[in-house]
Every structure is written in C-alpha cells, then in structure tokens.
1. Exactly one condition in (1) open to solvent by less than 50 Å² (accessible area, probe 1.4 Å); (2) farther than 18 Å from Trp103 by Cβ; (3) of a type in the set (Phe, Trp, Tyr) is not met by Tyr62; state its number.
2. Out of Val104, Val77, I need the residue that is surrounded by fewer than 18 Cβ atoms within 10 Å (Cβ to Cβ) and either over 17 Å from Ala11 (Cβ atoms) or out of contact with any strand residue (DSSP E or B) (no Cβ under 6 Å at 6 or more places or on another chain) (or both). Which one?
Amino acid sequence: DEVAPAVRRYALVQFVVVLLATVKVLELAAVLPTHQTAALAFYLVLSITNIGGLLEDRGWAYAMELARQITLAVTMVALAWLDLVPALWATVAFGFFGASAGWVMRLRGAGAERIGKDAPATSPNSF
C-alpha cells in the first residue's frame, strides 16, 4: 500500500528540518551541558520515529506528531519570553510549528486515502 502523497510531502519537509536540526545539535554538543544535549537528541529520535510512523500509516504517529509540533510551538514562545532566543527566530519557528500542527491534523484523514486502500489510518496493527 502506498502512502498518500500529502503524507509523503509532510514527511519530506519535516525530515529536512530534522536533518538541519541534527547538524546544529552536533555543532553545539561540545558546548552544551549533557542534559541539554540528551534532551535535543531525544527530540531528534522522536521526530524521526514519528516521520517513520506517518510513512507507515501508524495511527499513533499522528497524535505523537501533533503533540510534538504543539510542544515545539509553546517552547518557542517560552524561550522568546525568557529572552533566550531572538523574537524574530521565535516568531518564524512558532509559525512553522503552528502550521505543521495544522498540517498534521489535516493529514490524519489523508492516511485513509492511501492508494489502493479505503481503510482508515488506524488498523489492528497500528500500535
């Protein structure tokens, strides 16, 4: 079964962003405290796991991806409020994460439009 083109496009965009974030984390790993590096690594692993889950049309992946995008949007607001990131960066990131959250909510139904399948995105094997 093929994954809906809209899901593939979303996965590609998110993969490119995660790839860029991975490069930045690798650059910063030498100067960040271990707990911060570990938290960023966890985010990267979660991101890749979610992308894989979306491409496999796993029901849990949509909820996890939505939670990840909302968490990142709220985090950017908090970082800007604490003056830990420039307001422009926070605004752009908040916009991207907010748009991604809306995009993934629309994708939830796109999983049912898989080529050759009329089944819903969740299935007995979606755990």
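The values are calculated or read from the model by the stated rules, or taken from the named source; none is laboratory data. Since we're looking at a predicted model, the values are computed, not measured. Using ideal geometry, Cβ is built from the backbone for each residue, glycine included, and neighbour counts are taken over all protein chains shown. Heavy atoms of the whole protein, side chains included, go into the accessibility calculation; ligands, DNA and RNA do not. Shrake-Rupley method; radii C 1.70, N 1.55, O 1.52, S 1.80 Å.
1. It is condition (2) that Tyr62 fails.
2. Exactly one residue qualifies, and that residue is Val77.
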